[in-house]
Amino acid sequence: MQYRAPAWLPGGHLQTIYPATCVARPPVAYRRERWSSSDGDFVDVDFVDGDPGKPLVVLFHGLEGSSDSHYARALMAALQARGWSGAVPHFRGCSGEPNLAPRFYHSGDAAEVDWIVRRLHARAPGPLFAAGVSLGGNVLLRWLGESGHGAGFVQAACAVSAPLDLARGGAALGAGFNLLYTRMFLQTLKPKCLAKLERYPGLFDRDALLRARDLYAFDNVVTAPLHGYRDTDDYWHRASARHVLGAITVPTLVLNARNDPFLPGEHLPLAAARAVTLEYPDEGGHVGFSVGPFPGRNDWLPRRILHFFDGACPATRAPGAQVACEAS
């Protein structure tokens, strides 16, 4: 399933912005659950309920994303059409309601993914698959690598447009036209942080937060110190998924376009474990991959993800479960 960008949608920026803002999103009927966490906080999970015994796909969204993001709606609609179940857990503070604890979420939060995926596994009606997009893809890969064979209850995984090298990606987002994306993120991140300061005075430096004009400065003030990192450099180094690609044992697709503005193609890793498929099409932008004549469709990405899951499932299921896997 090689990706080819339509001729009317040239370049990494258009291929990033247009699918997220101009392509109609399919309707999805979500059912929300609120889970209480061990630190006195909560996580909101939006579900698509499929047929009994059919697979469940969990999707971890990107920075400031949600179950309403274009890629989430596209994938969940594709699951609905198959009769599969879906789950979109919201990272802390991304479900439309401020979270309660003095923390947010970050690119290396494998412990959060572990808790969520294991809870879903305990109730999954059939095979369990995991996908992550952008930041969510990096976190998923971190969990897969850190868990090794312990992640084997997941049949297969897919990370899309993950910032595999956070330092290189952060540098790319801090210059030129890419500052447009940075400003978009900061427009929602800063108000959340100011609200957090109201609840927890002195949690971080308010003036330094307001002065932040790029993600490096923001992460230095908020993300790194709140989540146990020394500073931005320490966070970006230790949380990057590129360090754990060689330790992944679950069949995993890593899909990144070489013209992704968030991580230029020259910084994409070229080596990974045998279980990992590195797929780097020349075009696609950042979580774009629109296809078809104008005005285009966003259905290529969910089809690619599910095609990979279909191929991985029979090889990873126990013999007695392969029939159900293949039939789905």
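The values are calculated or read from the model by the stated rules, or taken from the named source; none is laboratory data. In this text the structure is predicted, and so the values were computed from the model without any measurement. Every residue, glycine as well, gets a Cβ built from its backbone with ideal geometry; the counts of neighbours run over all protein chains shown. These accessible areas exclude ligands, DNA and RNA; they are computed on the full protein's heavy atoms, side chains included. Shrake-Rupley method; radii C 1.70, N 1.55, O 1.52, S 1.80 Å.
Go through region 300-313 and count every residue that is more than 16 Å from residue 281 (Cβ to Cβ) and over 17 Å from the mean Cα position of the chain (by Cα).
4
Taking region 286-327, which residues are modelled with pLDDT under 95 and either closer than 24 Å to residue 8 by Cβ or touching a helix residue (DSSP H, G or I) at 6+ places or on another chain (Cβ under 7 Å) (or both)?
Across region 286-327, the qualifying residues are 313, 314, 317, 322, 325, 326.
Of everything in region 239-297, what is open to solvent by 10 Å² or more (accessible area, probe 1.4 Å), within 23 Å of residue 73 (Cβ to Cβ) and more than 17 Å from the chain's Cα centre (by Cα)? Give them in sequence order.
281, 283, 291, 292, 293, 294, 295, 296, 297
Among (1) open to solvent by 10 Å² or more (accessible area, probe 1.4 Å); (2) farther than 29 Å from residue 311 by Cβ; (3) free of Cβ contacts under 8 Å to residues at least 60 places away in the same chain; (4) not small (Gly, Ala, Ser), which single condition is residue 44 missing?
That leaves (1) as the condition not met.
Could we say that residue 225 is at pLDDT 95 or above and assigned to a helix (DSSP H, G or I) here?
So residue 225 passes the test.
Would you please list the contacts, defined by Cβ atoms under 7 Å and residues six or more apart or on different chains, that run from a residue in region 1-20 that is under 8 Å from residue 285 (Cβ atoms) to a residue that is of a type in the set (Phe, Trp, Tyr) and open to solvent by 80 Å² or more (accessible area, probe 1.4 Å)?
Note: pairs meeting the criteria are 13/177.
Can you tell me which residue among 72, 111 is in contact with a Gly (Cβ under 8 Å, 6 or more places away or on another chain), closer than 22 Å to residue 163 by Cβ and not polar (S, T, N, Q)?
Values: 111 fails: in contact with a Gly (Cβ under 8 Å, 6 or more places away or on another chain).
Unique residue meeting the criteria: 72.
Of a type outside the set (Val, Ile, Thr), open to solvent by less than 10 Å² (accessible area, probe 1.4 Å), at pLDDT 95 or above and not in a loop (DSSP other than H, G, I, E, B): is that true of residue 209 in this structure? First the steps, then the outcome.
Working: of a type outside the set (Val, Ile, Thr): yes; open to solvent by less than 10 Å² (accessible area, probe 1.4 Å): yes; at pLDDT 95 or above: yes; not in a loop (DSSP other than H, G, I, E, B): yes.
Yes; evaluated as a whole, the condition is true for this residue.
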